[in-house]
Structure formats: structure tokens, C-alpha cells
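A.B. asks: One structure, as C-alpha cells, below. Some questions next.
The values are calculated or read from the model by the stated rules, or taken from the named source; none is laboratory data. None of these values were measured; they are calculated from a predicted model. Every residue, glycine as well, gets a Cβ built from its backbone with ideal geometry; the counts of neighbours run over all protein chains shown. Quick note on the areas: whole protein, heavy atoms, side chains included, nothing else; ligands and nucleic acids left out. Shrake-Rupley method; radii C 1.70, N 1.55, O 1.52, S 1.80 Å.
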Amino acid sequence: MQALVFIAYMILGLFQLAAVMAGLEDWIGLHWLIAAPLAFFIAYMPLVGTIVGMFGAVTAWHWSWLQAGGLFFGPFVVIVVIAMGAGVLEKFSNRS
């Protein structure tokens with residue numbers, strides 16, 4: 001299970017990195033050889049990487065803002081739902 005989560009996390013990271021790279025290519029007009037290393041640097045800046053990546057997904061890939069938000073904030077939403085569900089289940093299991 002842990003290996004599956006790691007693989008999914010790596011795939012998600014590659015998609016987010018590709019979105020940042022597409023944003024740099026589309027927004028600034030950089031060649032991919034220049035955009036790729038710059039995207040590695042920008043992608044790990046929490047706010048800047050998210051904004052550039054969402055912009056890249058919307059403009060270069062023609063995604064909706066909701067889809068782009070799902071790419072960057074979807075894992076956080078899933079983790080929150082799992083944590084809340086675990087809390088509810090724990091509360092109900094303690095009642096007996």
C-alpha cells in the first residue's frame with residue numbers, strides 16, 4: 001500500500017510540474033529546455049508554483065479553473081475527508 005501511495009504521489013507531482021512548465025512556456029514564451037529547469041525551482045515554491053501551475057493548466061491545457069484546482073488542491077481535500085471520516089468513526093466506536 002505504501003508503494004502505491006508513493007507512486008501516485010510521484011505521478012501527481014509530475015503532472016503538477018508539467019503544468020508549471022506549460023504555464024512558463026505559454027505565459028512567458030520560454031522554450032521547454034529553459035522552462036523545465038526553471039519549473040523545478042518554481043514548482044516547489046508553495047504559492048508561486050501553485051499559481052503558475054494552475055495558470056498553465058488553464059491556458060496551455062485548456063482545463064477549467066475547477067479542474068486545475070483539483071490537480072493542485074485535490075489531494076488536500078481527499079486527506080481532509082479521510083481524516084474527518086476517521087474522526088467520526090473513532091467517535092462512534094468509543095460510544096460502546
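A.B. asks: Taking R0 as 41 Å, what FRET efficiency do you get between I7 and N94 from their Cβ-Cβ distance, rounded to the nearest 0.05?
C.D. replies: The formula returns an efficiency of 0.75 here.
A.B. asks: A further question on this structure: So which chymotrypsin sites (Phe, Trp or Tyr not before Pro) in the range 1-94 end up in coil per DSSP with only 13 or fewer other C-beta atoms within 10 Å?
C.D. replies: Y44
A.B. asks: Kindly report the accessible area of the chain per residue (heavy atoms of protein chains, probe 1.4 Å, no ligands, DNA or RNA), in Å².
C.D. replies: For the chain, the per-residue accessible area is 74 Å².
A.B. asks: A further question on this structure: Which distance in nm do the two modelled labels at I51 and I82 give, with both placed 7 Å along the Cα-to-Cβ direction?
C.D. replies: According to this spin-label approximation, the distance is 3.0 nm.
A.B. asks: Next question, about the same structure. Using helices alone, I'd like the mean residue ellipticity at 222 nm for the chain: each DSSP H run of four-plus residues gives -39500 (n - 2.57), total over residue count, nearest 500.
C.D. replies: Rounded to the nearest 500, it is -29000 deg cm²/dmol.
A.B. asks: Step through the residues of the range 75-91 one at a time and calculate ³J(HN,Hα) from phi using the Karplus curve (6.51 cos²θ - 1.76 cosθ + 1.60, θ = phi - 60°), rounding each to whole Hz and writing x for Gly and Pro.
C.D. replies: x, 4, 5, 4, 5, 5, 5, 5, 5, 5, x, 5, x, 5, 5, 5, 5
A.B. asks: For the range 15-25, take each phi angle, set θ = phi - 60°, evaluate the Karplus expression 6.51 cos²θ - 1.76 cosθ + 1.60, and give the result in whole Hz per residue in order, putting x for glycine and proline.
C.D. replies: 5, 5, 5, 5, 5, 5, 4, 5, x, 5, 5
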